[in-house]
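These notes concern the structure reproduced below.
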Amino acid sequence: MPYRVDLGAGQQVYIEQMGTDTAVVVASSGPGQQQQASSRFATGQWTKEPKVYLLDGGRNGVAIKIVAIQGQCFIQVFQGQISVQTTAGGDLQEMKMTYVDETPGIRTPPMRPMKPMEPIEPMQPMEPMQPMQMGQPMEMGDMSMNANTMEMHMGNMHMGGQGNSSAAAGAKNFCTQCGEPVQSTDKFCGSCGHKLS
Ligand SMILES: [Zn+2]
């Protein structure tokens, strides 16, 4: 079970028994950066919980007291440096430790087997176009279109094809007297004044 001590200013010290070693990790996290220093010391199996002391009010960092089968020692953490001392000189002020689940970065997490890539689903084939459910395609009543010749038949009307069909509609009349062309709506000939029927 690792222990954590908060040193303030975003700095933490983690202490963990690893086998017969004591692992110490100093982690400092600032805005946008994270630093970590770790060391392992062959202290032997702990017989007591470690204790952490503030050394000389923090001026000399902290000292971790390890009590192990082989005896006790102090691990000093000062300005990111981790060293082992047989004694801790100076004023010791015990610091509060908390239990943590894990010491960050002390173990390389086991490589997780890569998840095999999900096979890409084959494209669904396009559904074939449903035939129009409207009887004969492109034919409504007596209307039909023929795109090739640009002809259009609507009932009795016939557009397109050859020539200009306006000649039939605006049929020109001629004056029966003088032979000049007149409008079918004219009542009198514009040339000779002959009364048109
Ligand atoms: Zn006339």
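Residue-wise HN-Hα couplings along region 35-42, as the Karplus relation 6.51 cos²θ - 1.76 cosθ + 1.60 with θ = phi - 60° gives them from phi, are 10, 8, 10, 9, 9, 10, 10, 7 Hz; Gly and Pro carry x.
Among 91-100, 4-13, 119-128, what's the highest-first ranking by average C-beta atoms within 10 angstrom per residue? Can you show the working numbers first?
Numbers: 91-100: 13.1, 4-13: 16.5, 119-128: 6.0.
Going from most to least packed, we get 4-13, 91-100, 119-128.
Among Glu16, Glu180, which comes first, then next, by fewest other beta-carbon atoms within 10 Å? Spell out each step's value before the answer.
Values: Glu16 21, Glu180 12.
Listing Glu16, Glu180 from fewest to most nearby Cβ atoms yields Glu180, Glu16.
Taken together, the values in this text are just the output of simple stated rules run on the coordinates, not laboratory data. Just so we're clear, the structure is a prediction, and the values are computed from it rather than from any experiment. Reconstructed Cβ throughout: ideal geometry from the backbone, glycine too, with neighbour counts over all protein chains shown.
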